[in-house]
Amino acid sequence: MRLGEILLRRGLVTDADIEAALALQHTEGGRLGDNLIALGRLTAEQLAAVINAAPALPTDLAETGIPPRNLLNLLLKFMMIESCETILDLAERMKLPRRIVQQLMDDAVQHRFVEAKGAAGSLALSIRYALSEAGRVAAKEALEQSLYMGPAPVCLAAYQEQLGKQRISNEMLDVEAMRKGFSGLVVPDHYLRKLLPAVNAGRSVLMFGPPGNGKTTLATRIASLFRDIVYIPYAVEVAGQIIKIFDPTLHKPVAAETALPASSGIGLRRDEFDPRWVACSRPVALAGGELTLEMLDLQYSSETGFYDAPLHVKAFNGMFLIDDFGRQKFSPNDLLNRWIVPMENQIDFLKLNTGASFSLPFDVLLIFSTNLQPSDLMDAAFLRRIQYKIKLFAPSRDEYRQIFDGVAKSRGLVVSDEVFDFVVERLSRHSQHGLAYYQPRFICDQVVEACKSFKQPPQLTIEMAAEALSNLYFDIADAADQEITGFG
């Protein structure tokens, strides 16, 4: 992970600042961070905060926070299942410094679990090792306890500390950053006044209103506003049990984990960044009607012998959007019973199958999105714990025209006043429909597909708009059902 990339992501420097610092480095040497400070583009405090945010590499077994025997068992499993023979191979698999893997190998030799088989090259790190009979027995016993084979876990205390260091409320957005994030959308200023404090607070938000007016779109755009880099562990060990945290389908690494050589002065050096953690963008988890309460608890597999973290835990230090809230198979009040303490005290308690329990900082921007009336969904106790409540309304006529013109232009269409008036009149005639933010895109896409199918140049006419509206709502007649003259 390169220091320049982190500084840019956090908005602490610009591309021009980086170029100036690199030019100074080329002529006078020095590290990138020091040169940025010398040029007055960065403060020493800002640089220290960025570097200290990355988990430090452990220098010995004790600093890993994991019992040496548990790490030794992981090493033996890699040797047995993946035929790892050298310190280099094992260090890469376990994401541990080579000197720590060497310490583990020395212990394995002392216990007669492994035997040296000679060198694959001239370096000591290339010495090949093989399991002895006692080592194979120990590896089988380790596999019977857990089939986990991945990077070495971090300890619970380290995970708790890191979650606290990279809280989502650390990012303080301003209104211009929010407008930029919503570029291409028509977002009224009164929405921004409600959304900005809610996002900066990093707590819980309820977005409600009629369907098709941008609740989900706005929520997903919010995720793109975050600039900070957070560090996600591959796995955490709690009371001797492994819990997988990193999920490649949800967590998005921001760069390759390998760093530049220390002499280059550009990167966060390998000896400063614990590779058991992955540098990622703030996570964003989305769940709709498929969400179950079981997904919010630790998932233990008796076949593998380890746990998978709940969905909301994977979203810690990021955002968790619960879409179509109230459409799940469970009652909203059941979710209240599960999250009443975390939402109130910002602490979540999880329980292992062994009966042991532990706590984690409940640091996640929770966004509930629903088309239903909040009073029909939850009681006053739940509503009180949702810090921000934002109602989204149908667009005004002017906003609707702005949306329609923008969408049409992006598809090579032009909205004439005649067509616009026709669409608005047709939709307004049906009080159960009315104007909605999503309608212009639906209509324009329908027109483009119809023109393409009949090999006609893209053109938005009243007849085309009427056909699109009949596909949008079954109770709106199209051109085939009635003759269209003016507004029909």
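Brief remarks on what is shown
- Between helix 68-81 and the chain: long-axis angle, C-alpha atoms, 0 to 90°, nearest 10: 80 degrees
- Exposure of residue 80 as accessible area (Å², to 10), given a probe of 1.4 Å and all protein chains: 60 Å²
- For the stretch 275-410: span of alpha carbons on each principal axis (Å, largest first): 60, 41, 27
- Estimated distance in nm for a label pair at residue 220 and residue 254, the labels positioned 7 Å out from Cα along Cα-to-Cβ: 2.3 nm
- Beta bridge orientation in the chain: antiparallel %, DSSP, nearest 5: 50 percent
- Take the Cα of residue 399, step 7 Å toward its Cβ, do the same at residue 161, and the gap between the two points is 4.8 nm.
- Cα-only Debye scattering, the chain: base-10 log of I(q)/I(0) at q = 0.12 Å⁻¹: -1.12
- Translational diffusion of the stretch 23-146, µm² s⁻¹ [Kirkwood Rh, Cα pairs; Stokes-Einstein; 25 °C; 0.890 mPa s]: 145 µm²/s
- Value of D in µm² per second that Stokes-Einstein yields for the stretch 354-474, Kirkwood Rh from Cα pairs, at 10 °C (1.306 mPa s): 90 µm²/s
- Helix content alone sets the calculated 222 nm mean residue ellipticity of the chain: runs of n ≥ 4 DSSP H residues at -39500 (n - 2.57) each, divided across all residues, give -12500 deg cm²/dmol.
- Rolling a 1.4 Å probe over the heavy atoms of the protein chains gives the stretch 321-454 an accessible area of 48 Å² per residue.
- Listed residues 158, 4, 295: farthest to the positive end of the dipole of the chain (Cβ charges): 158
- Taking the accessible area of the chain, probe 1.4 Å, and keeping the other protein chains in place, the carbon and sulfur fraction comes to 51%.
- Computed E for residue 442/residue 39 - FRET, C-beta separation, R0 51 angstrom, nearest 0.05: 0.50
- With Cα atoms as the point set, the stretch 309-349 shows a radius of gyration and Dmax of 10.9, 27 Å.
- Here the chain is treated with +1 on each Lys and Arg Cβ and -1 on each Asp and Glu Cβ, and its dipole about the Cα centre works out to around 640 debye.
- Cα long-axis angle, helix 189-201 against the chain (0 to 90 degrees, to the nearest 10): 20 degrees
- Taking a Cβ cut-off of under 12 Å around residue 183, the surrounding Lys, Arg, Asp and Glu residues balance to a net charge of +2, with basic ones at +1 and acidic ones at -1.
- On Cα atoms only, tilt of 439-453 relative to the major axis of the chain in degrees: 90 degrees
The values are calculated or read from the model by the stated rules, or taken from the named source; none is laboratory data. Note that this is a predicted model, so its numbers are computed, not measured. Note that we place each Cβ from the backbone using ideal geometry, even for glycine, and neighbour counts take in every protein chain shown. In case anyone asks, the SASA skips ligands and DNA or RNA and just uses the protein heavy atoms, side chains included. Shrake-Rupley method; radii C 1.70, N 1.55, O 1.52, S 1.80 Å.
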